[in-house]
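Below: the structure, in structure tokens.
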Amino acid sequence: MSARGKAGRTWALAVLAFLALAVGAYALVFYGSPDGIEDQPFVSEKGSLPDLWLTVLWAHAVSAGIGLAIGWLQLIKRLRHRSPNVHRLIGYVYSMMIVIGGITGLYLAFYAEGVWIAKLGFGALSLAWLYSLFRSLKSIIVNRDPAEHGRWMIRNYALTCAAITLRIYTALAAVLFGLTDTNDTFIVIAWLCWVPNLLFVELLFNKKKPKSRMPQPRQHARL
């Protein structure tokens, strides 16, 4: 990789780390305590909901927030190579957080605003989140394939970053189109927050694949 490419990758990772830490901190600060969670605007605007919903929201916010805040560390190649034990420890914690976040996300999707289209979008996100984690763990524990493990984990973290893109798109909908009611915006954002993330990483994977050389025609010896 050229020096310019390395610099671009470093800056991209720095921006990702900043956004991940900011959104992760937001989740832990505003939703980290189950006692005051009902006072948050997002919760109070929902109206009457089961008590279980508040507990599940708390578990989801904390687990997803932690997963988002630490997941980007696994993208640092130097950490993976020089401190494999630290890499594995972060991986264990991250995986536990995603399992909790994915399961609670399925429950919360049922109550999502934006009619059934949004519910389906957030539900599909949670299923893809759990599935990509399963494939990642299987590839390293069963198949012993670090490269495949890395690709699936990158896909998984791209889904984790839906927490970032959701907030970006929500803000853009309010600023550009004056749409602040999630009943209107989540119909689109429930899918927009994660599908492009997956498409982006797939494009990166395809770009890194070595181009196969065309077979050269065999030259017959002259008689």
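No lab work stands behind these numbers, since they all come straight from the coordinates. Everything quoted here is computed from the prediction, not taken from an experiment. Positions of Cβ are backbone-derived with ideal geometry, glycine not excepted, and every protein chain shown enters the neighbour counts.
One table, with the values for the structure above:
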item: Cross-link pairs LYS6/LYS138; LYS138/LYS207; LYS6/LYS77 - those with Cα-Cα distance over 21 Å; result: LYS6/LYS138; LYS138/LYS207
item: C-alpha center-to-center spacing [segment 149-193, segment 91-128] in angstrom; result: 13
item: Percent of Cα pairs exceeding the 27 Å cut-off, where the set is the chain; result: 39
item: Which of HIS149, HIS87, HIS81 has the fewest Cβ neighbours within 10 Å, and the rest in rising order; result: HIS81, HIS87, HIS149
item: Order of ARG151, ARG88 - criterion: other Cβ atoms within 10 Å of each residue's Cβ, fewest first; result: ARG88, ARG151
item: The chain: calculated mean residue ellipticity at 222 nm from DSSP helix runs of at least 4, using -39500 (n - 2.57); result: -25500 deg cm²/dmol
item: Nitroxide proxy distance, nm - points 7 Å out along Cα→Cβ at GLN40 and LYS209; result: 4.0
item: Span-like helix ranges in the chain, DSSP H, alpha carbon extent 15 angstrom or more, Kyte mean at least 1.6; result: 162-177
item: Qualifying chymotrypsin sites (Phe, Trp or Tyr not before Pro) for segment 88-135 [loop in DSSP, other Cβ within 10 Å: at most 16]; result: PHE110, TYR111
item: Over the chain, relative contact order from alpha-carbon pairs under 8 Å, at least 6 apart, %; result: 16
item: 37 °C / 0.692 mPa s Stokes-Einstein diffusion coefficient of segment 20-125, Kirkwood radius on C-alpha pairs, µm²/s; result: 220
item: Dimensions (Å) - segment 101-188, Cα atoms, principal axes, largest first; result: 50, 25, 16
